[in-house]
Each structure stands twice: as C-alpha cells, then as structure tokens.
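S.K.: Structure incoming, see below.
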Amino acid sequence: MMDTTRIAFIGGGNMASAIIGGLLRQGLAPAQVAVVEPFDGQRARLQQQFGVPAQEHAGPALADCGLVVWAVKPQTFKEAAAQAKAHVSQALHLSVAAGIRSDSIAAWLGTQRIVRSMPNTPALVGKGMTALFARAGVTPAEKARVEQVIATTGEYLWVDAEKQLDAVTALSGSGPAYVFYFLEAMTQAGAEMGLGEEQARRLAVGTFAGASELARASQEPLQVLRERVTSKGGTTYAALTSMENDQVKAEFVKALHAACRRAEELGDEFGK
C-alpha cells in the first residue's frame with residue numbers, strides 16, 4: 001500500500017514528473033505532493049497535468065513532508081538546498097541529481113539521512129532503471145520507503161559504494177541517448193536502402209525492444225545471444241565484421257569511460 005506521507009519535490013522537471021506520475025497512479029493523492037519549481041511555465045504544467053500544488057520558493061509548507069526528492073540540476077543544487085534547509089531538516093532526502101555526491105548534500109542540508117540515486121528517462125513511461133546508494137544514517141525502513149517511490153518508475157538496484165554511481169551514470173543514466181543514437185543510425189540506413197522513414201523507425205525501435213526483452217528473459221551470456229544471430233558469411237556477419245574493422249565496440253566503450261569521467265567532474269565542480 002502506498003505510504004501517504006507528504007512528499008516534496010525540489011525541482012519539477014522530467015524526472016520529478018515521472019516520479020509524481022507514478023506515485024499518483026499508485027494511489028497517492030495530489031494533495032500529498034508539494035513541488036518547488038521556480039519557472040512559471042513548469043509550475044503551471046505540473047498543476048494542470050497532475051493537480052499538485054507547486055510554489056516558486058521553498059517555505060514552511062514543506063515542514064511536514066517526510067520525504068524530499070531533489071530533482072534539480074547539479075549546478076543549482078547548493079543554492080536550492082540553502083533555501084530549503086530550514087524547512088526540511090526532519091525529512092528523509094532522495095537525490096536524483098547527477099554527479100552531486102552525498103557528502104556535499106549532507107553538508108548543505110545538515111543531515112545524514114540521504115539516499116542518492118541515478119535514474120534514467122524511460123522512467124517517464126514506467127520503464128526506468130535506477131541505481132540507489134544509501135548513507136549509513138538511512139534505516140532499513142527508510143530504504144524500503146525509497147524503494148516504494150522509485151518502483152513506480154520501473155526497476156531499481158542498490159550499489160554498495162557511492163563511487164559506482166559514476167559508472168551507473170555513464171551506463172544507464174546516459175544510456176537511453178546511446179540507444180536513440182543507434183536507432184537514428186538504423187533509421188537513416190533503412191531509409192537509404194529504400195524503406196520509408198516511418199517504416200525504418202518502426203523496424204529499428206521494434207528490434208531494439210524485442211532484443212532487449214530476449215536478453216532480459218535469457219540466462220545466457222550476451223555473446224552467445226549475439227553469436228546465434230551471426231552465421232559466418234551471412235548478412236549479420238557482414239555488418240558485425242564492418243563494425244569490428246572500424247573498432248565500433250572499442251570506441252563505444254571509450255565513450256562510456258568519458259561519460260564516467262564527466263560524472264566525477266560534476267561532483268568536483270558543483271559539489272563544493
């Protein structure tokens with residue numbers, strides 16, 4: 001059953017919207033949600049779409065919120081924390097902000113009750129993948145509360161070391177963009193080979209979705225699944241040989257390492 005403790009969202013962008021939508025679908029009343037969003041248009045959208053109260057600045061109305069979800073951009077987190085700190089000192093805190101380490105959040109808010117997460121945008125359609133890290137001050141019951149909230153957006157897993165969240169950011173946090181990148185390429189190639197653009201898009205998206213479900217359902221290594229589609233001398237072999245010759249896999253792995261380094265840099269840059 002959905003916990004009906006009031007939940008505050010600092011920031012009302014896409015990720016906040018995904019979680020709010022999931023919570024309301026699970027039975028939380030709009031009145032149990034409070035949003036702080038400085039942009040007029042975004043506040044109006046939240047109120048129209050979800051019927052939740054939204055205010056421009058953090059204030060006393062947040063004092064009875066048992067959970068605060070920090071859905072702000074990394075560069076604005078410190079300022080937002082300074083504005084809200086006096087009103088949310090008794091709450092459990094869940095951050096979905098990329099890069100900002102829990103040490104910084106703890107210093108800004110004066111609490112150890114912090115869970116840091118790295119979600120991704122498929123949360124918007126209930127298919128998200130979120131990694132979670134809890135500081136030592138978070139109780140098992142509070143971890144369960146966070147799980148209840150995040151489960152409304154898709155799957156989740158816990159990591160033991162906060163540093164692993166940089167790798168998570170590179171892999172699944174940024175990952176949807178990589179999928180869209182390959183889908184763009186497949187759609188372009190399909191159109192160049194004589195398909196209609198919508199036909200090519202539908203085939204590409206359906207193939208990614210189906211292959212992902214097959215991988216999810218199978219206990220076999222990904223390499224085995226790939227090899228089963230690859231007959232030597234056949235069409236798949238020709239495509240994969242071309243990619244191997246161009247070192248596509250090596251360059252792609254290199255790109256993820258670049259994303260991981262940038263996640264580390266965000267913590268250094270905006271966590272002071």
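Values in this text are rule-based calculations from the coordinates and carry no lab data. Source: prediction; values computed, not measured. Quick reminder, even Gly has a Cβ in these numbers, built from the backbone with ideal geometry, and neighbours come from all protein chains shown.
S.K.: Got a number for residues in the range 112-123 being farther than 12 Å from S95 by Cβ and crowded, with 17+ Cβ neighbours inside 10 Å? Break it down stepwise before answering.
M.R.: Taking the range 112-123 and keeping what is farther than 12 Å from S95 by Cβ, we get 112, 120-123.
Remaining after also requiring crowded, with 17+ Cβ neighbours inside 10 Å: 120-123.
Result for the range 112-123: 4.
S.K.: Check whether at least one residue in the range 194-202 is over 18 Å from the mean Cα position of the chain (by Cα), of a type in the set (G, A, S) and not in a helix (DSSP H, G or I), and report yes or no. Give the steps one after another, and end with the answer.
M.R.: Step one: filter the range 194-202 for residues over 18 Å from the mean Cα position of the chain (by Cα), giving 194-202.
Of the ones still in play, those that are also of a type in the set (G, A, S) are 194, 196, 200.
Those still in the list that are not in a helix (DSSP H, G or I) too: 194, 196.
The answer is yes, given that some residue of the range 194-202 is over 18 Å from the mean Cα position of the chain (by Cα), of a type in the set (G, A, S) and not in a helix (DSSP H, G or I).
S.K.: Within the range 40-63, can one find any residue that is assigned to a loop (DSSP other than H, G, I, E, B), surrounded by 18 or more Cβ atoms within 10 Å (Cβ to Cβ) and charged (D, E, K, R)?
M.R.: Step one: of the range 40-63, the residues assigned to a loop (DSSP other than H, G, I, E, B) are 51-53, 56-59, 63.
After this cut, where a residue has to be surrounded by 18 or more Cβ atoms within 10 Å (Cβ to Cβ) as well, the list is 52, 58.
Subset that is charged (D, E, K, R): none.
Among the residues of the range 40-63, not one is assigned to a loop (DSSP other than H, G, I, E, B), surrounded by 18 or more Cβ atoms within 10 Å (Cβ to Cβ) and charged (D, E, K, R), which makes the answer no.
S.K.: I'd like the full set of residues that are closer than 18 Å to L124 by Cα and assigned to a helix (DSSP H, G or I), limited to the range 149-170.
M.R.: V149, I150, A151, T152, T153, T169
S.K.: Somewhere in the range 168-177, is a residue without any contact (Cβ under 8 Å) to a residue 24 or more places away in the chain and either farther than 20 Å from G22 by Cβ or crowded, with 16+ Cβ neighbours inside 10 Å (or both)?
M.R.: As a first pass, look at the range 168-177 and keep what is without any contact (Cβ under 8 Å) to a residue 24 or more places away in the chain: 177.
Retained after the next criterion (residues that are either farther than 20 Å from G22 by Cβ or crowded, with 16+ Cβ neighbours inside 10 Å (or both)): 177.
So far as the range 168-177 goes, yes, one or more of its residues are without any contact (Cβ under 8 Å) to a residue 24 or more places away in the chain and either farther than 20 Å from G22 by Cβ or crowded, with 16+ Cβ neighbours inside 10 Å (or both).
S.K.: Can you find a residue that is polar (S, T, N, Q), surrounded by 19 or more Cβ atoms within 10 Å (Cβ to Cβ) and not in a loop (DSSP other than H, G, I, E, B) anywhere in the range 80-103?
M.R.: Restricting attention to the range 80-103, the residues satisfying the condition of being polar (S, T, N, Q) are 83, 89-90, 95, 102.
This time we only want the ones that are surrounded by 19 or more Cβ atoms within 10 Å (Cβ to Cβ), so: 95, 102.
Those left that are additionally not in a loop (DSSP other than H, G, I, E, B): 95, 102.
The answer is yes, given that some residue of the range 80-103 is polar (S, T, N, Q), surrounded by 19 or more Cβ atoms within 10 Å (Cβ to Cβ) and not in a loop (DSSP other than H, G, I, E, B).
S.K.: Would the range 9-32 turn up any residue that is assigned to a helix (DSSP H, G or I), touching a residue at least 24 places away in the same chain (Cβ under 8 Å), within 21 Å of P119 (Cβ to Cβ) and among the aromatic types (F, W, Y)?
M.R.: For the range 9-32, residues assigned to a helix (DSSP H, G or I), touching a residue at least 24 places away in the same chain (Cβ under 8 Å), within 21 Å of P119 (Cβ to Cβ) and among the aromatic types (F, W, Y): absent.
S.K.: Something else about it: Looking at (1) in contact (Cβ under 8 Å) with a residue 24 or more places away in the chain; (2) over 30 Å from A144 (Cβ atoms); (3) part of a loop (DSSP other than H, G, I, E, B), which is the only condition H257 fails?
M.R.: Single failed check for H257: (3).
S.K.: Turning to a different aspect of this structure: Considering the range 229-272 alone, what residues qualify as being within 30 Å of F77 (Cβ to Cβ) and acidic (D, E)?
M.R.: Within the range 229-272, E264, E265, D268, E269 qualify.
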